[in-house]
1. How much mean residue ellipticity at 222 nm does the chain get from its helices, if each DSSP H run of length 4 or more adds -39500 (n - 2.57) and you divide by all residues, to the nearest 500 deg cm²/dmol?
2. Let's test the formula: R0 of 25 Å, r as the Cβ-Cβ distance of residue 88 and residue 46. What FRET efficiency results, to the nearest 0.05?
3. Just need log10 I(q)/I(0) for the chain at q = 0.17, 0.18, 0.20 Å⁻¹, Debye formula, equal scatterers on the alpha-carbon atoms, no solvent, rounded to two decimals.
4. Given a cut-off of under 8 Å on Cα pairs at least six residues apart, what relative contact order in percent is computed for the chain?
5. Could you tell me what % of all Cα pairs in region 41-103 have separations over 17 Å?
6. Determine which residues of region 57-101 fall in the zone a paramagnetic label at residue 142 would reach in this model, i.e. backbone nitrogen under 13 Å from the point 7 Å along Cα→Cβ.
């Protein structure tokens, strides 16, 4: 008699079902927000790196050697533009993104080739130059999770981006 009564007792069945479904429900609720936040962070980093490379490409040829941006102040400005979108005094687009995370590198290929790949381009703004400098701005930023307080550990995730632009000196 007690076995039959136990089998037909449904008290607490809803609570047990909820305990089984709750973890999946939480993942379905908060997972898309976390994924969207990661992509939004990636977008901000990629946009910042592109802006930094564009800014650096507009600096005068005299500021470059074939290995570096010679003016430390301009290098800091490129890093600031990349992180904040402003030459100085801005707020980083991504939390904990500092200037040291932004690398500004310069390279001068042996010769810039024309569309046919035969002749070095030495016309226009590159007249009289053997090697036109190309600036590369790159960064790697540690991703900060949107839901760290819920126990989502994203300390190993990083966002990286790189952008190149030929120096135009305009």
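1. Numbers: 3 runs with 65 residues, N = 170.
Rounded to the nearest 500, the figure is -13500 deg cm²/dmol.
2. So the FRET efficiency works out to roughly 0.65.
3. Debye output, listed in q order: -1.00, -1.06, -1.19.
4. 26
5. I get 34 percent for the Cα pairs in region 41-103 exceeding 17 Å.
6. Those under the cut-off are 95-98, 101.
Taken together, the values in this text are just the output of simple stated rules run on the coordinates, not laboratory data. Computed from a prediction, not measured in an experiment: that's the story for all the values here. FYI the Cβ positions are ideal-geometry reconstructions off the backbone, even for glycines, and counts take in every protein chain you see.
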